[in-house]
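The values are calculated or read from the model by the stated rules, or taken from the named source; none is laboratory data. A quick note: this is a predicted structure, and the numbers were derived from the prediction, not measured. Virtual Cβ from ideal backbone geometry, glycine too; neighbours counted across all protein chains shown. SASA here: full protein model, heavy atoms, side chains in, ligands and nucleic acids out. Shrake-Rupley method; radii C 1.70, N 1.55, O 1.52, S 1.80 Å.
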Amino acid sequence: QVQLVESGGGLVQPGGSLRLSCAASGIRISFYSMGWYRQAPGKQREFVASITKEGITNYADSLKGRFTISGDNAKNTVYLQMNSLKPEDTAVYYCTARVGLRNYWGQGTQVTVSS
């Protein structure tokens, strides 16, 4: 079965950086579109970034220039590099895989940006 396991979250000061990882099993990330979403307390889950099997990336407009999505096919892992973090980036970050008509989700990793 498909499993997505996120890691790399934590507490970081404003202006800092984090790199999130999403280790996939049951699928090869090179065959599917992968993405990241986030959900802040009291808010709806929102799109962060995605990468197609061809390596085409897409970002939420508000995050362009600070976040970078990438994939390592050999490790079957997708990454989200987050720079210049702001308190409003605080959220649970979820990895997702689009397989046919179904979206698979990881359990999420907490990112807290605070001084």
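Numbers below:
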item: Per-residue ³J(HN,Hα) for region 85-91, Karplus 6.51 cos²θ - 1.76 cosθ + 1.60, θ = phi - 60°, Hz, x for Gly and Pro; result: 5, 10, x, 6, 7, 4, 4
item: Those aspartates and glutamates that a straight Cα-Cα span of less than 17 Å connects to LYS64, excepting residues fewer than 8 apart in one chain; result: GLU46, GLU88, ASP89
item: Label point 7 Å beyond Cα of SER25 along Cβ direction - residues of region 68-82 with amide nitrogen under 14 Å; result: 76-77
item: FRET efficiency, 1/(1 + (r/R0)^6) with R0 25 Å, evaluated for GLN107 and LYS75 via beta carbons; result: 0.85
item: Most fluctuating residue given options GLY42, GLY100, GLY15, as computed from a GNM of the chain linking Cα atoms under 10 Å; result: GLY42
item: For the chain, built as a Gaussian network whose Cα springs stay under 10 Å, the top-fluctuating residue of LEU18, LEU63, LEU85; result: LEU63
item: Positive-end extreme of charge dipole, the chain - chosen from LEU63, ALA40, ALA24 (charges on Cβ); result: ALA24
item: Sites GLU46 and VAL99 - FRET efficiency at Förster radius 22 Å, r taken between beta-carbons, to 0.05; result: 0.55
item: Accessible surface of region 7-115 [probe 1.4 Å, protein heavy atoms]: carbon and sulfur percent; result: 48 percent
item: ³J(HN,Hα) computed for each position of region 13-23 - Karplus, 6.51 cos²θ - 1.76 cosθ + 1.60, integer Hz, glycine/proline x; result: 7, x, x, x, 10, 9, 10, 8, 10, 9, 8
item: Net dipole in debye of region 27-115 [+1 Lys, Arg Cβ; -1 Asp, Glu Cβ; about Cα centre; nearest 20]; result: 180 debye
item: Of PRO41, PRO14, PRO87, the one that fluctuates the most in a GNM where the chain has Cα springs shorter than 10 Å; result: PRO41
item: For region 53-61, Karplus couplings with θ = phi - 60° (6.51, -1.76, 1.60), whole Hz, Gly/Pro x; result: 5, 7, x, 7, 9, 9, 9, 4, 3
item: Trypsin sites (Lys or Arg not before Pro) within region 35-115, DSSP loop, no more than 14 other Cβ atoms inside 10 Å; result: LYS43, LYS64, LYS75
item: 19 Å Cα-Cα reach of LYS53 towards aspartates and glutamates, excluding residues that sit fewer than 8 places from it in its own chain; result: ASP72
item: Solvent exposure of the chain as accessible area per residue, Å², 1.4 Å probe; result: 54 Å²
